[in-house]
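Quick notes on the structure that follows.
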Amino acid sequence: MKLSQIVSLIGGKALSGSEQLDNEVFSACGSDMMSDVLAFAMDKGVLLTGLINQQVIRTALMMDMCCVIFVRGKMPTREILELADESRIAVLVTDEGMFETCGKLYEAGLGKPL
């Protein structure tokens, strides 16, 4: 699924990395605990979180994730967006909650086995 499709699907907005919206993603991980992301996330995925700090971007970078989606209307700081740009990680935001956003992505086929 392309990141541009995700933006539409979740009623979101791209705050950073708009040049990456044609990238394909193959999995998603939703968590506010970065230790869980480190344990269970898969490469080329999307990280969904309501946690707003630079550690989110650093965790996504370590796990080779290409996008972070901040849920529940959380808005990242300028410093977070700058780090995301430097790391080539797209940042999306949505007013939807974590459960609803994960459900929409799963229902659309992200993360389902072939």
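Observations, loosely collected:
- Considering only SER16, LEU92, GLY73, the residue lying farthest towards the positive end of the dipole of the chain is GLY73, judged by Cα position with unit charges set on Cβ.
- Taking a straight Cα-Cα cut-off under 17 Å and skipping sequence neighbours fewer than 8 places away in the same chain, the aspartates and glutamates within cross-link reach of LYS2 are GLU19, ASP22, GLU24, ASP43, ASP64, GLU107.
- Computed lengthening from ILE52 to ARG88, 0.36 nm per intervening residue step minus Cα-Cα distance: 11.2 nm
- The range 1-83: chymotrypsin sites (Phe, Trp or Tyr not before Pro) in DSSP loop, at most 16 other beta carbons within 10 Å: PHE26
- Alpha-carbon spread of the range 19-72, three principal axes, descending order, Å: 27, 23, 17
- Unit Cα scatterers, Debye sum, the chain: log10 I(q)/I(0) for q = 0.12, 0.16 Å⁻¹: -0.33, -0.60
- Estimated FRET transfer efficiency (GLU24, ASP95; beta-carbon r; R0 25 Å; 0.05): 0.50
- Cβ-Cβ FRET estimate between LYS104 and LEU38, R0 fixed at 35 Å, reported to 0.05: 0.90
- With 0.36 nm allotted per residue and the present C-alpha distance subtracted, the SER4-MET62 stretch has 18.6 nm of extension available.
Only the coordinates and a few stated rules stand behind these numbers; no lab work does. Note that the structure is a prediction, hence the values are computed from the model and not measured. Please note: Cβ atoms are built from the backbone with ideal geometry, for glycine as well, and neighbour counts cover all protein chains shown.
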